[in-house]
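K.L.:
Questions regarding the structure given below will be posed in turn.
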Amino acid sequence: MPRKVSLPGSNDPLREAEIAGLRSSTDAAASRGSGRVRHEEKITVYVSRAELLRLEHARLGLRAEHGIAVDRGRIVREAVAAALDGLEAEGSESELLRRLAGS
């Protein structure tokens, strides 16, 4: 006889309150990746095979060496947040600007 287990879903009231709280803290979201929440916006980014392998290697390393289980999207969101924070804080001396100007 199949058993059905009820798990909290995206429409769970506590989860909705948590998501609403995260949305209201725009300062925290601006200086840090949005983490593990439902995202309404989407972009498509094309990467080379080598970049994808580096990203996957980083994901596996985070899990194996540091016990942090994250998906590739979360790594990318954190990296984008870090790059934009650096641009805001350092301006023309930022790593992002140096990399973009060098390409």
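The values are calculated or read from the model by the stated rules, or taken from the named source; none is laboratory data. Computed from a prediction, not measured in an experiment: that's the story for all the values here. Ligands, DNA and RNA are stripped out before the accessible areas are found, and what is left, the full protein with its side chains, is counted by its heavy atoms. Shrake-Rupley method; radii C 1.70, N 1.55, O 1.52, S 1.80 Å.
K.L.:
Which numbered condition trips up H39, out of (1) modelled with pLDDT of 95 or more; (2) part of a loop (DSSP other than H, G, I, E, B); (3) closer than 24 Å to G86 by Cα?
P.N.:
It is condition (1) that H39 fails.
K.L.:
Out of all the residues in the stretch 7-23, is one or more within 16 Å of the chain's Cα centre (by Cα), open to solvent by 90 Å² or more (accessible area, probe 1.4 Å), at pLDDT below 95 and not aliphatic (A, V, I, L, M)?
P.N.:
yes
K.L.:
Ok, one more. Confirm whether V47 is more than 21 Å from E95 (Cα to Cα), part of a loop (DSSP other than H, G, I, E, B) and open to solvent by less than 90 Å² (accessible area, probe 1.4 Å).
P.N.:
Taking the combined requirement at face value, the residue does not satisfy it.
K.L.:
Is it the case that some residue within the stretch 78-90 is modelled with pLDDT of 95 or more, open to solvent by 90 Å² or more (accessible area, probe 1.4 Å) and not β-branched (V, I, T)?
P.N.:
There is at least one residue in the stretch 78-90 that is modelled with pLDDT of 95 or more, open to solvent by 90 Å² or more (accessible area, probe 1.4 Å) and not β-branched (V, I, T).
K.L.:
Moving on. Which of the residues that make up the stretch 65-77 are within 26 Å of R38 (Cα to Cα), open to solvent by 60 Å² or more (accessible area, probe 1.4 Å) and not β-branched (V, I, T)?
P.N.:
Passing the criteria: H66, G67, A69, D71, R72, R74, R77.
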